[in-house]
Amino acid sequence: MSRDTIYSVPLTKVGDFEFDDDVVKVFPDMIARSVPGYASILSVIEQLTTRFVRPDTSVWDLGCSLGAATRLIRRRSPASAVIHAVDNSPSMVAQLRKYLTESTDAGCCVHVIESDLRAVQVTNASLVVLNLTLQFLPPSERTGILQSIAHGTLPGGALLLSEKICFHDPGQQHLMTELHHDFKRAHGYSDLEIAQKRTAIENRLIPESLETHVQRLRDVGYSTVTPWFQCFNFASILAVR
Ligand code: GEK
């Protein structure tokens with residue numbers, strides 16, 4: 001795994017963050033050292049597969065990146081299930097297709113789809129994964145996206161939604177941001193890297209509060225909505241249709 005050094009030297013202009021070839025090369029290292037609890041969330045996605053994914057149903061991994069969740073779901077799914085792994089970054093999709101072609105892992109069928117997730121119709125879903133993806137979509141479109149996902153989810157099917165979150169209370173917002181930066185420092189990022197990445201991502205990633213996410217999931221028709229994980233300013237919610 002290549003080490004993420006993308007923001008390690010001073011840049012004259014920090015452009016908006018893109019999921020391009022340079023990011024793909026270091027992505028597993030970048031996400032593991034940037035998102036507290038990422039490995040735990042993946043491990044729970046694997047566990048949820050056994051409970052929720054039924055024969056002849058579909059799993060949708062929306063914003064799948066390099067397929068970290070897809071690859072875990074595949075090994076626990078019934079053979080007749082199908083995983084639709086969707087991402088709009090050509091670089092991510094090309095690398096995921098390469099991994100899958102070279103992989104000798106057994107498991108159900110995986111369709112890799114290069115598309116904006118808003119152009120994809122979720123159907124027959126027993127499990128939908130939005131692991132750190134909705135945060136990149138415009139907040140004004142999030143209700144419509146989740147309505148459509150809920151509509152395509154079978155009764156008893158589940159959505160796993162993980163997001164960077166923000167807080168209404170300024171003191172809480174400040175403390176959680178500082179603790180997140182401490183986490184990144186402890187994992188080897190310099191103050192320069194943290195500052196430049198923050199500039200690059202601030203127009204791309206729009207966090208909302210945990211309360212906003214929970215209310216929206218209830219509003220679009222999920223019957224059980226349970227935040228099950230939080231570490232600093234990252235949270236994950238399980239919603240059952
Ligand atoms: C994981 N889920 O490792 N349509 C499709 N894909 C999109 C869109 C969109 N509109 N916008 C962003 N993406 C993964 C990690 S990363 C999280 C998800 C992060 C894709 C984008 O190309 C990227 O691959 C992914 O969402 C977000 O479990 O980097 O913080």
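In the stretch 42-60, which residues are within 12 Å of the ligand (Cβ to nearest atom) and either more than 27 Å from R3 (Cβ to Cβ) or at pLDDT below 95 (or both)?
Scanning the stretch 42-60 gives a single hit, W60.
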If you check A68, A39, which single one turns out to be within 11 Å of the ligand (Cβ to nearest atom), under 28 Å from K184 (Cβ atoms), free of Cβ contacts under 8 Å to residues at least 24 places away in the same chain and among the aliphatic types (A, V, I, L, M)?
A39
Within the stretch 130-175, considering residues that are among the small types (G, A, S) and within 22 Å of S43 (Cα to Cα), the one farthest from the ligand (Cβ to nearest atom)
G156
Taking the stretch 82-103, which residues are loosely packed, with under 14 Cβ neighbours inside 10 Å and either among the β-branched types (V, I, T) or on the phi > 0 side of the Ramachandran plot (or both)?
T101
Please verify whether the stretch 148-162 includes one or more residues that are at positive phi, over 21 Å from the mean Cα position of the chain (by Cα) and open to solvent by 30 Å² or more (accessible area, probe 1.4 Å).
yes
Could you tell me which numbered condition Q230 fails, if it satisfies all but one of (1) away from the ligand (no atom under 16 Å from the Cβ); (2) open to solvent by less than 60 Å² (accessible area, probe 1.4 Å); (3) in a strand (DSSP E or B); (4) closer than 19 Å to I31 by Cα?
(2)
Identify the single condition in (1) in contact (Cβ under 8 Å) with a residue 24 or more places away in the chain; (2) within 13 Å of the ligand (Cβ to nearest atom); (3) open to solvent by 10 Å² or more (accessible area, probe 1.4 Å) that A79 does not satisfy, given that it satisfies every other one.
(2)
Report the residue count in the stretch 46-61 for those that are touching a helix residue (DSSP H, G or I) at 6+ places or on another chain (Cβ under 6 Å) and either surrounded by fewer than 22 Cβ atoms within 10 Å (Cβ to Cβ) or closer than 16 Å to V122 by Cβ (or both).
4
Which residue is farthest from A79 (Cα to Cα), if the candidates are limited to the stretch 114-147 and must be among the aliphatic types (A, V, I, L, M) and more than 16 Å from the chain's Cα centre (by Cα)?
A119
Do the conditions hold for Q196, that is, is it in contact (Cβ under 8 Å) with a residue 12 or more places away in the chain and surrounded by fewer than 16 Cβ atoms within 10 Å (Cβ to Cβ)?
no
Which one of these does N124 not meet: (1) open to solvent by 50 Å² or more (accessible area, probe 1.4 Å); (2) more than 16 Å from the ligand (Cβ to nearest atom); (3) at negative phi?
(3)
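The values are calculated or read from the model by the stated rules, or taken from the named source; none is laboratory data. In this text, all values refer to a predicted model and were calculated from it rather than measured experimentally. All Cβ positions, even for glycine, are placed from backbone atoms using ideal geometry, and neighbour counts span all protein chains on display. For accessibility, only protein heavy atoms count, side chains too; no ligands or nucleic acids. Shrake-Rupley method; radii C 1.70, N 1.55, O 1.52, S 1.80 Å.
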